[in-house]
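A short write-up of the structure that comes next.
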Amino acid sequence: MTDAAGPDKVFRNALANQEILLPRCDDCGAYHFFPRVVCPWCHGTAISWQRASGRGRVHTTTTVRRKPERGGDYNLCMVELEEGVRMMSRVENIAPDDVVIDMEVKAFVGEAEGEPAVLFRPAEE
């Protein structure tokens, strides 16, 4: 799937349809994220879109502290997906301080700041 308006639009349109698609280079086979028109590994320009498995592990995490009237604490993490790409996001349905490095997570399309976004939940849910 390609789009003349750019790879970010393809990614965002997929999220709006509750799908998580990742760009994959047809030349070298590597996935990459964030979406772009040139493979960062081999500089190929033949990019296709593949449905992400959604399975991943927390690579790094931190708890962002906020006053309760501003929404309370939340976690911010970098998740490495099974496909080898890393995404910055958050893990839902768990206390922010309970998110740990190497924790298995599963992606879903949720909402952040009124827009569809890739979020994660603990895999054992």
## Note on the structure
In debye to the nearest 20, the charge dipole size for the chain, taken about the Cα centre with +1 at each Lys and Arg Cβ and -1 at each Asp and Glu Cβ, equals 260
### Summary
Scaled by the rule-of-thumb 2.2 N^0.38 Å, the alpha carbon Rg for the range 7-58 gives a ratio of 1.12
### Message
As I understand it, the value is the acute angle between the Cα axis of helix 7-16 and the longest principal axis of the Cα atoms of the chain; what does it come to in degrees, rounded to 10?
### Response
50
### Task
Mind sorting Cys28, Cys39, Cys77 by how few other Cβ atoms lie within 10 Å of their own Cβ, fewest first?
Cys28, Cys39, Cys77
### Query
How long is the chain along each principal axis, judged by its Cα atoms, biggest number first, in Å?
46, 29, 23
## Note on the structure
Within the chain, the cysteines whose Cβ lies no closer than 4.7 Å to any other cysteine Cβ are Cys77
### Task
With both partners inside the chain, how many of the DSSP beta bridges are antiparallel, as a percent to the nearest 5?
95
### Task
Mind giving me the FRET efficiency for Ala112 and Asp26? R0 is 30 Å, r the Cβ-Cβ distance, nearest 0.05 is fine.
0.45
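Nearest 500 deg cm²/dmol is fine: what mean residue ellipticity at 222 nm does the chain get from its DSSP H runs of n ≥ 4 alone, each adding -39,500 (n - 2.57), divided by its residue count?
Taken over the chain, the calculation gives -2500 deg cm²/dmol.
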### Task
Find how much the distance from Arg12 to His43 grows on full extension, using 0.36 nm per residue of separation minus their present alpha carbon separation; answer in nm with one decimal.
8.9 nm
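Rule-based calculations on the coordinates, nothing more; no lab input. Because the structure is predicted, anything quoted here is derived from the model rather than measured. Cβ sites come from the backbone with ideal geometry, for glycine too, and all protein chains shown count toward neighbours.
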